[in-house]
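Right, one structure below, let's go through it.
Just so you know, all these numbers are worked out from the coordinates, no wet-lab data involved. What you see is a predicted model; the values in this text were computed from it and never measured. No Cβ is skipped: glycine too gets one built from the backbone with ideal geometry, and neighbour counts run over all protein chains shown.
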Amino acid sequence: MMNSSVAVSSVSLYRRAAVAFVLLVACPFGLSMINLTFAQSWKVHFFPAVVILAAIIYGSAGGLVAGIAGSLYSAILTGNPCLIGGNSLFGLLTGIFYKKTDKIIMSVMLAFICELPWLIVTDHYFMRLSAEFIAKLVIVLFLANLFWAALIRLLDRPLRKLLC
């Protein structure tokens with residue numbers, strides 16, 4: 001006969017593993033297919049919200065995995081594999097900075113600032129995008145990351161109760 005505490009423990013372990021898979025892989029990948037277009041052709045992506053959330057819950061490794069999963073679709077669609085490097089770096093650094101500061105918004109902004117050289121160099125030299133386009137992209141990404149960080153900051157406790 002199986003001990004009931006062992007059975008409950010096993011269910012809890014499987015639930016946590018399933019939640020981790022959804023948060024780290026399925027959700028970022030699925031949300032990467034949803035974009036909000038504004039100002040003619042600029043798009044706001046939803047997957048960075050999950051990358052940030054994964055980084056604060058699962059640390060730098062979680063942010064890294066979610067960043068990779070969230071950027072796969074866009075990288076394939078646009079033919080820009082550098083997106084994977086940039087988003088994985090963003091998730092990794094968000095997790096590192098959050099561990100050191102325990103502040104979501106500051107961690108996201110620091111990660112974004114550190115990711116900027118990657119974004120600028122790869123978009124300009126490898127993807128041959130204009131400086132004007134990259135400057136606008138930086139502004140859009142900055143505002144979107146700030147928005148997602150602020151929203152996650154507001155919902156941090158309820159999200160942790162739901163997911164952890």
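Data for the structure
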{"quantity": "Sorted by Cβ neighbour density within 10 Å, fewest at the top, the residues T78, T94, T122", "calculated": "T78, T122, T94"}
{"quantity": "Correct choice for Rg/Rh (Cα atoms, Kirkwood Rh) that was computed from the model, options (1) 1.14; (2) 1.05; (3) 1.07", "calculated": "(2)"}
{"quantity": "Lys pairs, the chain - Cα-Cα below 27 angstrom, 8 or more residues apart or on other chains", "calculated": "6"}
{"quantity": "Segment 61-164: trypsin sites (Lys or Arg not before Pro) falling in loop per DSSP and having at most 11 other Cβ within 10 Å", "calculated": "R128"}
{"quantity": "Surrounding net charge for G91, when Lys and Arg each add one and Asp and Glu each subtract one, Cβ distance under 15 Å", "calculated": "0"}
{"quantity": "Rel. contact order, % - alpha carbon contacts under 8 angstrom, at least six apart, the chain", "calculated": "19"}
{"quantity": "Inter-probe distance in nm under a simple model that places probes 7 Å from Cα toward Cβ, at I120 and L159", "calculated": "2.9"}
{"quantity": "Label-to-label distance, nm, for residues given as A131 and I34 (7 Å Cα→Cβ offset)", "calculated": "3.8"}
{"quantity": "Local electrostatic count, W148, Cβ distance below 15 Å [Lys/Arg +1, Asp/Glu -1]", "calculated": "+1"}
{"quantity": "Computed lengthening from K43 to L146, 0.36 nm per intervening residue step minus Cα-Cα distance", "calculated": "35.6 nm"}
{"quantity": "Sorted by Cβ density within 10 Å, fewest first, the residues M127, M33", "calculated": "M33, M127"}
{"quantity": "Cα-centred dipole magnitude for the chain, charges only on beta-carbon of K, R (+1) and D, E (-1), debye, nearest 20", "calculated": "440"}
